[in-house]
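The values are calculated or read from the model by the stated rules, or taken from the named source; none is laboratory data. Bear in mind the structure is a predicted one, so any value in this text is a computation, not a measurement. Cβ coordinates were reconstructed from backbone atoms using ideal geometry, including for glycine residues, and neighbour counts include every protein chain displayed. Please note that ligands, DNA and RNA were not included when accessible areas were found on the heavy atoms of the full protein model with its side chains. Shrake-Rupley method; radii C 1.70, N 1.55, O 1.52, S 1.80 Å.
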Amino acid sequence: MKWHDLNGDTCPLARAMGVIGDRWTLLILRECFLGVRRFDGFQKRLGITRHLLAARLKRLETMGVLERRPYQQRPLRHEYRLTASGKAFAPVLLAMQDWSQHNLPSQEPMPFAFVTRDTGSRVDPVLTDKNTGQELNHRTVLMVPSQAAPADTAEAPDPPLPDTGTGPA
């Protein structure tokens, strides 16, 4: 199955992977958030082939994550800007960066950091429920089959393990 075949999947995680599920796409989005907008800028910073970059940018444009805008008329040249949908991806990158810092540390300094716009101080992200303010993690949230899911598409989950407080459940 190809990545774009996941776009119609009922699972929202599968649909997201159909859009951003490869390393180049994630790195292109990272560069967008770092302010890169032009094809040559992406290619120079990522070292990606022109063909692959063009395909990934087109896909992000088709999926409504990036918008292509002309910045020069002769010759006609375009830049790529994050759409509202693309900007909404920022918390995902923030969570991935935080997970990597804690679970895949590097001896090298980070090439970028997330800071607050108003104070410039580094952020220490925590995912919380919008309605209750409760921190969301593997101890507070379960992924369970939806009542709307067909019975033959999802097995009943294993019962949760008791939380001993000594590590991942």
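Under 7 Å between Cβ atoms, at least 6 apart or on separate chains: pull out the pairs that start in the range 71-98 with a residue that is open to solvent by less than 60 Å² (accessible area, probe 1.4 Å) and end on any residue that is in a loop (DSSP other than H, G, I, E, B) and of a type in the set (Phe, Trp, Tyr). Here the result reads Leu94/Phe114; Gln97/Phe114, each pair linking the range 71-98 to a residue that is in a loop (DSSP other than H, G, I, E, B) and of a type in the set (Phe, Trp, Tyr).
Across the range 34-60, the number of residues qualifying as surrounded by 17 or more Cβ atoms within 10 Å (Cβ to Cβ) and either in a helix (DSSP H, G or I) or touching a Ser or Thr at 6+ places or on another chain (Cβ under 7 Å) (or both) comes to 8.
Number of residues in the range 110-138 that are out of contact with any Leu (no Cβ under 8 Å at 6 or more places or on another chain), outside any loop (DSSP other than H, G, I, E, B) and of a type outside the set (Val, Ile, Thr): the value is 1. Yes or no: Pro91 over 25 Å from Gly8 (Cα atoms) and modelled with pLDDT under 95? Taking the combined requirement at face value, the residue does not satisfy it. Return the total of residues in the range 16-33 being open to solvent by 30 Å² or more (accessible area, probe 1.4 Å) and more than 23 Å from Val115 (Cα to Cα). Final tally of qualifying residues: 5.
Within the range 139-156, does at least one residue satisfy the condition of being modelled with pLDDT under 65, among the polar types (S, T, N, Q) and in a loop (DSSP other than H, G, I, E, B)? Among the residues of the range 139-156, at least one is modelled with pLDDT under 65, among the polar types (S, T, N, Q) and in a loop (DSSP other than H, G, I, E, B), which makes the answer yes. Does Gln107 count as assigned to a loop (DSSP other than H, G, I, E, B), farther than 30 Å from Arg59 by Cβ and at pLDDT 85 or above? Taking the combined requirement at face value, the residue satisfies it.
Residue by residue, here is whether (1) modelled with pLDDT of 90 or more; (2) at negative phi holds:
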{"site": "Gly86", "(1), (2)": "yes, yes"}
{"site": "Phe112", "(1), (2)": "no, yes"}
{"site": "Val115", "(1), (2)": "yes, yes"}
{"site": "Thr164", "(1), (2)": "no, yes"}
{"site": "Gly167", "(1), (2)": "no, no"}
